[in-house]
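Written out below as structure tokens is the structure these notes cover.
Where a number appears in this text, it was derived from the coordinates with a stated rule and is not lab data. This structure is a prediction, so every number in the text was calculated from the model and none was measured. As a convention, Cβ positions derive from the backbone with ideal geometry for all residues, glycine included, and neighbour counts pool all protein chains shown.
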Amino acid sequence: MLTHFSFDPLLSLSGFLVGSLVGITGVGGASLMTPLMVLLFGIHPTTAVGTDLLYAAITKMAGTAVHHRHGHIRWRLVGMLALGSIPATATTLWLMSGMDRKSAHSVALLTTSLGIMLLLTAMILLFRDALLRYEVRWLKAHRNPSARTITIATILLGLILGVVVTLTSVGAGAIGVTILLFIYPRAKINDIVGSDIAHAIPLTLLGGTGYWIIGDVNWLLLISLLIGSIPGIILGSYAAPKLPEKAVRTALAVVLAIVAIKMISP
């Protein structure tokens, strides 16, 4: 694993390609960026996760601004998610600060956790339409849950996201949105997506800052990724309406599944 890093144009090119896919599919960049850094560029998993968390915080600020301008953020929902995720993130960082993150055991734990989250993301991308159809049938067969049940479920989701996103940088996008659609089945999809993106900012910012404090963020690496990914996201957003989103999403899911198996395999 690399412990030192110098500017590499290939990282900016990778950032551009990942950013373009994010703009087209809406899938969080961490699902692609973190395993790319680990597998292709040999960057240590903790450095990849820590740097990617700050990368996500920066890129999601623009998305939050757009959703807020269009009124697509439920701030109460964001607050409930943060009520679970912020303490979970802080606790996870505290536990990680006391462990030997360079040991073979720690590397295996992080890469396996990352692989599992990538596999879950791939499955959700592949079967998203079927999941949404099941949600409609479930909604017709069950009465509406109480406000208290919804609040508890939202806070619990935030807690789970706080742990898994801090460990792997993956999960706040496709997985978080899908579960929120089940908790809030009558909410507009734009409101769910906007709220999820807004919640990701404090989550990834706290997580990334924590990794920086314990020495696992590479700023030159971060800048290299941003140089490519920001124009990539803009280009992908413009290209998205002209491309077959389902076909792109399926291809992306297959790639994520292959990468996930590679991460999990010894």
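Centre-to-centre separation between the Cα atoms of the stretch 193-244 and those of the stretch 86-155: 19 Å. Rounded to the nearest 20 debye, the dipole magnitude of the chain is 960 debye, with +1 charges on Lys and Arg beta carbons, -1 on Asp and Glu beta carbons, and the Cα centre as origin.
Listed values for the stretch 145-153 are Karplus-derived 3J(HN,Hα) couplings in whole Hz (6.51 cos²θ - 1.76 cosθ + 1.60, θ = phi - 60°), namely x, 6, 4, 5, 5, 5, 4, 4, 4, and x replaces Gly and Pro. Listed values for the stretch 205-217 are Karplus-derived 3J(HN,Hα) couplings in whole Hz (6.51 cos²θ - 1.76 cosθ + 1.60, θ = phi - 60°), namely 5, 5, x, x, 5, x, 5, 5, 4, 8, x, 10, 10, and x replaces Gly and Pro. Need the list of aspartates and glutamates near LYS262 for cross-linking: C-alpha distance under 20 angstrom, and skip anything on the same chain fewer than eight residues off. Partners found: ASP52.
Let's test the formula: R0 of 35 Å, r as the Cβ-Cβ distance of SER146 and ILE234. What FRET efficiency results, to the nearest 0.05? E(calc), rounded to 0.05, equals 0.25. Panel order for SER97, SER113, SER14, by other beta carbons found within 10 Å of each beta carbon, from fewest to most: SER97, SER113, SER14. Taking amide H as placed 1.01 Å from N in the peptide plane, ILE43 has its amide H under 5 Å from the amide H of LEU2, VAL38, each at least 5 places away in sequence or on another chain. The amide H of SER169, built 1.01 Å from its N in the peptide plane, has no neighbour under 5 Å, considering only residues 5 or more places off or on other chains.
Taking a straight Cα-Cα cut-off under 20 Å and skipping sequence neighbours fewer than 8 places away in the same chain, the aspartates and glutamates within cross-link reach of LYS246 are ASP129, GLU135. Listed values for the stretch 221-232 are Karplus-derived 3J(HN,Hα) couplings in whole Hz (6.51 cos²θ - 1.76 cosθ + 1.60, θ = phi - 60°), namely 4, 4, 4, 4, 5, 5, 4, x, 6, 4, x, x, and x replaces Gly and Pro.
For LYS188, the aspartates and glutamates whose Cα comes closer than 13 Å to its Cα, not counting residues fewer than 8 places off in the same chain, are ASP196.
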